[in-house]
Structures are given as structure tokens and as C-alpha cells.
2 protein chains.
Amino acid sequence: MKDLVSRCPIEEVMRVLSGRWPTLLIYYLKEGTKRFSELQRDNPTVSHRMLSLELRKLEQAGIVERTVFDGYPLRVEYDLTRAGLDLVPLIDALGDWWTETDTARVIVSNEKA
Amino acid sequence: MKDLVSRCPIEEVMRVLSGRWPTLLIYYLKEGTKRFSELQRDNPTVSHRMLSLELRKLEQAGIVERTVFDGYPLRVEYDLTRAGLDLVPLIDALGDWWTETDTARVIVSNEKA
DNA sequence: TGTAAATTACGCACTTTTTTGTAACCCTGG
DNA sequence: CCAGGGTTACAAAAAAGTGCGTAATTTACA
């Protein structure tokens, strides 16, 4: 589902999750089903081109499921897959880690001052 | 320890971990102390400019500690900090997640074939 | 009644911005 | 002149933003 050039799974995950958007999109999608335009509203700074490309990448990685409803105007819905849902706590853990280490750094600089 | 433009910790971690090198360097550094040239040998495809830049980024993020030993030729050692060590299992978990979902995808395509 | 406009989720071409690579230079003692 | 661990300037490549076009139906309005 992707050209696996490397043998290292970490390298491969990071190829999918790297960049500004993938984790953010997962973050918003964990609230539930979202349409393209909702994701745009959730994150106004992403261009529709990027949103489209990133969603496609996440879909190919098996993280996001895309459902098209025929009719006009067209309607497309995005959900996290099972695998995508499993990924959520791992990403949250990274966020928590960051918050903790950031606090630690503040304490250290207080001691020095 | 970094210009925190966003409020979202996930966005901030990913700014540090995004790209090909950060997780790889952490991966090699978890084996223990490494010198610049050792890291180059561990990963021959990284240019020394990138290695330098990425190590500096990880240092500023509080993940890596840099120790300079005076004397010639110069000697510089890199270690994971406490925070860096804490990060290791989180990154490993991502790798495991990838391996699992990849297997799942293979099974699915077998069923379809 | 005719028609223009809006709607949704993009694709495509083009431009700008950011990231990465290449190569050359620095320092100092042996 | 080498080693080790860089830095800096310049070039190439990759990623991201901009804006137009498209589909078929509904609504807006003269």
C-alpha cells in the first residue's frame, strides 16, 4: 500500500505522519465523521490542495476511510479506520510527552535564574 | 526553547519529529552515547550538514544532549536526555503500530484476491 | 420562464516557499 | 596535510499555496 523502500517500520510511519497536517487531521477526525469542508473549517490555514493530498495519503496508509455519496452537490465523508483509531492514543501520548518535557524545561530555567 | 506559535502540543512535537532523520537519530542514540562520525556511519545517507542541523534541533528540543571534549582532534558526544529516553517507547509504539496495520492490510488483500 | 449563481469536493497548472544536498572552508596540534 | 566536527554560500529538489475549471442540481431573481 506504499513503496516500502526501507525495512525500518519507524521510517515508514514517519513518512506518513511527518509534516504539519497528518496528525492534525487525525486529531480532528477522532471527533467523528467529517466532510471535506468541515475539515477545512476546523483548520482554516490548510489549502484545499493540501487537504486533498493529505487525506489521500492517510487513506492509502489505511488510517482514513473515504466515502463518496453520489448526488449534487457532491458529498464526501472521512472517518478514521480501525487502525486510525488505534493510532490516536499513540499520537496523544506524544502530545503529553511534549507537555511534560516542556514543563520540565521551564523548571530547569527557573532554577538557573 | 522554541518559538511556540501554536497552542497544540501535537503540532509542536511533530515540528520536531517530522522528517526522515529525527526518529532515526533517536533510534541509533538509544544504543548509547555516539559521536558525530558514528552517527554518520550508522546512517550513511545523511549528509553531514543535515546531521548537524538535526542534532541541533533535537538538542534545542531537549531530546539530545551534546558534550564537547576539548582536545585535538575535537571530540563531541551525543546522548539522549531523560526526556529523549522517555520518548523512545512512544516512537517504538508507532513502529509496532505500523507493523501490525501493515499485516492487516496484507490479509485484507488476500481475501479479495 | 429564462438564466445566472451557488453549492461540494476536488484536479490541474503555475508560483512561491522551504527543505535538502554539494562543496568548499575553518580551526588546531601533530 | 590530516583529523573531527562543524559553518556558510549556492543550487537543486520537494513541498505548499493560488486560482481557475468542472460536475449536476437547486435556489434566487428579473
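Below, the figures for the structure above:
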item: Links that overshoot a 26 Å alpha carbon limit, given the list A:34/B:57; A:30/A:57; A:57/B:30; A:30/B:57; result: A:34/B:57; A:57/B:30; A:30/B:57
item: Projected-area mean, the protein assembly as shown, by convex hull of Cα positions, square nanometres; result: 15.4 nm²
item: Copy-to-copy label separations for residue A:7, where each label sits 7 Å from Cα toward Cβ, in nm and ascending; result: 4.7
item: Per the axis that maps chain B onto chain A, nearest residue of B (Cβ criterion) and its distance in Å; result: B:18, 2
item: Position residue A:73, label points 7 Å along Cα→Cβ, spacing to each other copy in nm (shortest first, one decimal); result: 6.3
item: Inter-copy spacing of residue A:59 label points, which lie 7 Å from Cα along Cα→Cβ, given in nm from shortest upward; result: 4.4
item: Convex hull volume per residue for segment B:9-112, taking Cα atoms only, in Å³; result: 126 Å³
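Laboratory data are not the source of any read-out in this text; all were calculated from the coordinates shown. Please read all numbers here as calculations on a predicted model, not as lab measurements. Cβ sites come from the backbone with ideal geometry, for glycine too, and all protein chains shown count toward neighbours.
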